[in-house]
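One structure below.
The values are calculated or read from the model by the stated rules, or taken from the named source; none is laboratory data. Quick caveat: nothing in here was measured; it's all calculated off a predicted structure. Neighbour counts run over all protein chains shown; Cβ positions are idealised from the backbone, glycine included.
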Amino acid sequence: MSTSSIILNEADLKKWTELVSKGVTNALNGLSDMVEKEIEITSLEARYIAIKDVAYLVGGPEQTTAAIYLSVSGAAEGHMIVIYRSDTAFDLIDLLLGQPSGTTTELGEMEISALGEMGNIVGSFFLNALADATGLKLRVSPPSVMMDMAGAILDAILAEIMLDADEALVMQTSFGTEDMQINGTFLCLPSPSLQTALLANWSGE
């Protein structure tokens, strides 16, 4: 069964979007703790798009991007991807490392480590929010950090996912501190069983 075949009447779509929004908000709270600065969410938009069109959210298949991938296990399986244009990723790394914007111009070992640590924080805080809301036991894998053209990254990550789903819930977020704004794309790609379990165990409150 594909994810698109179980999506979602209007009430369930609203409920699912609210649940994932809760997770993203908690993830950014964790990021705020990590950088020891107040991070404010300036926009958070959720929508379903075809998985084959995801690369166009970051400028197209040939746009150089940095991505952090995590898999979800436990009560059921799923995937999370945070993807940024390379220039945005460099700004994010500067934020993570407490550097002036424009300092980072390439991904070295320290920069990859910073993105990986962010992935750990974001992934665990996101899943903790979902687990607290639903009572399900969920685990997140160590993060994988990649930098390549968006098409190459997403083809590698999404090939297996597309066997089970042809649409993804995309959370496009803008956030930042007083002196820096970050625009990113967060993909929540649950298996049909995980999406069903989350919805069944959350009251929507």
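What the table shows:
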{"read-out": "Single unsatisfied condition, residue 115 versus (1) at pLDDT 90 or above; (2) over 14 Å from the mean Cα position of the chain (by Cα)", "value": "(2)"}
{"read-out": "Set 195, 172: member being at pLDDT below 90, within 26 Å of residue 50 (Cα to Cα) and assigned to a helix (DSSP H, G or I)", "value": "195"}
{"read-out": "Residues that are among the aromatic types (Phe, Trp, Tyr) and more than 16 Å from residue 122 (Cβ to Cβ), drawn from the stretch 34-81", "value": "48, 56"}
{"read-out": "Total residues in the stretch 40-62, condition farther than 25 Å from residue 198 by Cβ and either without any contact (Cβ under 8 Å) to a residue 24 or more places away in the chain or buried (at least 19 other Cβ atoms within 10 Å of the Cβ) (or both)", "value": "3"}
{"read-out": "Filter pass, residue 138 being over 23 Å from residue 94 (Cα atoms), in contact (Cβ under 8 Å) with a residue 12 or more places away in the chain and in contact with a Gly (Cβ under 7 Å, 6 or more places away or on another chain)", "value": "yes"}
{"read-out": "Subset of the stretch 99-120 (residues that are among the charged types (D, E, K, R) and in contact (Cβ under 8 Å) with a residue 24 or more places away in the chain)", "value": "117"}
{"read-out": "Answer residue from the stretch 127-181, given it is small (Gly, Ala, Ser), farther than 30 Å from residue 106 by Cβ and crowded, with 18+ Cβ neighbours inside 10 Å and is nearest to the chain's Cα centre (by Cα) among those", "value": "129"}
